[in-house]
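Notes for the one structure printed next.
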Amino acid sequence: MRYTKLGRSGLEVPVLFLGCGNFGGIGSLPELYGRGDDEAAAFAVMDAALAAGVHMFDTANSYGGGVSEDWIGRWLASRGVRDEVTLTTKVGSPIGPEPTDSDLSRRHIRDQIDASLRRLRTDRIDLYLAHTTDESTPIAETVAAFDELVRDGKIRHYGLSNFSRTELEAALAAVAELGSTAPVNVQGGYSLLDRAESADILDVCAREAIAFTAYSPLAGGLLTGKYRADQPPPPASRLALRPPSFARRGRESTFAVLAGLATAADGYGVPLATLALAWLLADPAVTALVVGPRTPAQLTTMCDALDLELTEGQRAELVAVVDGVTH
């Protein structure tokens, strides 16, 4: 495993984080609670991750309706490894039907950190993220609440997820005005297939020494190489349960791109997932990737990306495949 510093936090983290959104569900969607990995599979993946040096676990209070946090807490207690694992969890996504069940108000943040600490069976969170933006709450109230948690010792650092460039700059302006603790991490969707979503905030992160971590680096499973245009996805697969959007280029065009990338991966002698992750790992603007293996074998394929070092020219060739550019 390779390690790096998480922005100005001082935290040393692996360049691959274990995404735990499949534990007990598929992300935060209530209709998919219970459709993800079971507890035994989750424990097997966590065991494999720690053995591989992937000691950063990324979850959220809403994943599986709280089940993801609960299982991580049970695993930490059963293995006695809390001090060996760096924990990230999130607040802000819906945890119930009421409007106040998904905001970033001071009240909600303080309530939810205590609930997360109980489920995770720990006394502190290493990195606490705002899971999404909240138009109903002034950003100054949100960053002030995170600052309080840092001073209380309940969290060590905080960050922001799914924030646009404008929203990130507003948060930084509020921090400067308040003189409060600044975010150390921004998390956003970013992959070889979908580069536009987070591209406009990368320079802000670099300027402010904020770590950028990419979630969905395999584009919701599309870049695993296991799906075909002429075949329906397996019933229990992520693509079947929570299909990604094909709006940007359409399903037919997307699968044509995937075929081109699969050919490129064959040329490198690696699975498409390994090549796609290697493309991101070679990006100097990206600190780490949040990966979500369903099995220890999938984790091994993902870790193999560390052994494939792409040049800028090789990265550009893969972008050309995605964008349909020929030379």
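The values are calculated or read from the model by the stated rules, or taken from the named source; none is laboratory data. Everything numeric here is computed off the predicted structure, so don't read it as measured data. Virtual Cβ from ideal backbone geometry, glycine too; neighbours counted across all protein chains shown.
Of the numbered criteria (1) in contact with a helix residue (DSSP H, G or I) (Cβ under 8 Å, 6 or more places away or on another chain); (2) at pLDDT 95 or above; (3) closer than 18 Å to Leu277 by Cβ; (4) crowded, with 24+ Cβ neighbours inside 10 Å, the one Val186 fails is (3). For segment 70-95, enumerate the residues that are in a loop (DSSP other than H, G, I, E, B), within 22 Å of Pro138 (Cα to Cα) and β-branched (Val, Ile, Thr). Within segment 70-95, just Ile95 meets the criteria.
Do you know which residues across segment 1-26 are of a type in the set (Gly, Ala, Ser) and surrounded by fewer than 20 Cβ atoms within 10 Å (Cβ to Cβ)? Scanning segment 1-26 gives a single hit, Gly10. For segment 202-210, the criterion of being within 18 Å of Val150 (Cα to Cα) and part of a loop (DSSP other than H, G, I, E, B) is satisfied by at least one residue.
Based on what the data block shows, is Arg151 out of contact with any Pro (no Cβ under 7 Å at 6 or more places or on another chain), modelled with pLDDT of 95 or more, over 24 Å from Ala211 (Cα atoms) and among the basic types (Lys, Arg)? Before you say what the answer is, go through the steps one by one.
On the way: out of contact with any Pro (no Cβ under 7 Å at 6 or more places or on another chain): yes; modelled with pLDDT of 95 or more: yes; over 24 Å from Ala211 (Cα atoms): no; among the basic types (Lys, Arg): yes.
Criteria not met by Arg151.
The number of residues in segment 26-52 being at pLDDT below 95 and either at negative phi or out of contact with any Gly (no Cβ under 6 Å at 6 or more places or on another chain) (or both) comes to 11.
With the requirement that a residue be among the polar types (S, T, N, Q) and either outside any loop (DSSP other than H, G, I, E, B) or within 18 Å of the chain's Cα centre (by Cα) (or both), what does segment 274-327 give you? Walk me through how you get there before you give the answer.
The first filter runs over segment 274-327 and keeps only residues among the polar types (S, T, N, Q), leaving 274, 287, 295, 298, 300-301, 311, 314, 326.
Scanning segment 274-327 gives Thr274, Thr287, Thr295, Gln298, Thr300, Thr301, Gln314.
Pairing residues of segment 249-268 that are within 12 Å of Leu222 (Cβ to Cβ) and part of a helix (DSSP H, G or I) with residues that are among the charged types (D, E, K, R) and at pLDDT below 85, at Cβ distances under 8 Å and at least 6 apart in sequence or on separate chains, gives Phe255/Arg228; Val257/Arg249. May I ask you to verify whether Gly25 is outside any helix (DSSP H, G or I), over 19 Å from Tyr128 (Cβ atoms) and within 16 Å of the chain's Cα centre (by Cα)? Yes; evaluated as a whole, the condition is true for this residue. The residues of segment 96-113 that are assigned to a helix (DSSP H, G or I), more than 16 Å from Asp147 (Cβ to Cβ) and of a type outside the set (S, T, N, Q), listed by number, are Pro99, Asp101, Asp111.
Residues are listed down the side, and each one gets a yes or a no for (1) modelled with pLDDT under 95; (2) β-branched (Val, Ile, Thr); (3) not in a strand (DSSP E or B):
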residue	(1), (2), (3)
Asp126	no, no, no
Phe146	no, no, yes
Phe163	no, no, yes
Glu169	no, no, yes
Ser180	no, no, yes
Glu197	yes, no, yes
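If you go through segment 67-94 and pick out every residue that is farther than 16 Å from Phe43 by Cα and either out of contact with any His (no Cβ under 9 Å at 6 or more places or on another chain) or surrounded by 24 or more Cβ atoms within 10 Å (Cβ to Cβ) (or both), you end up with 7.
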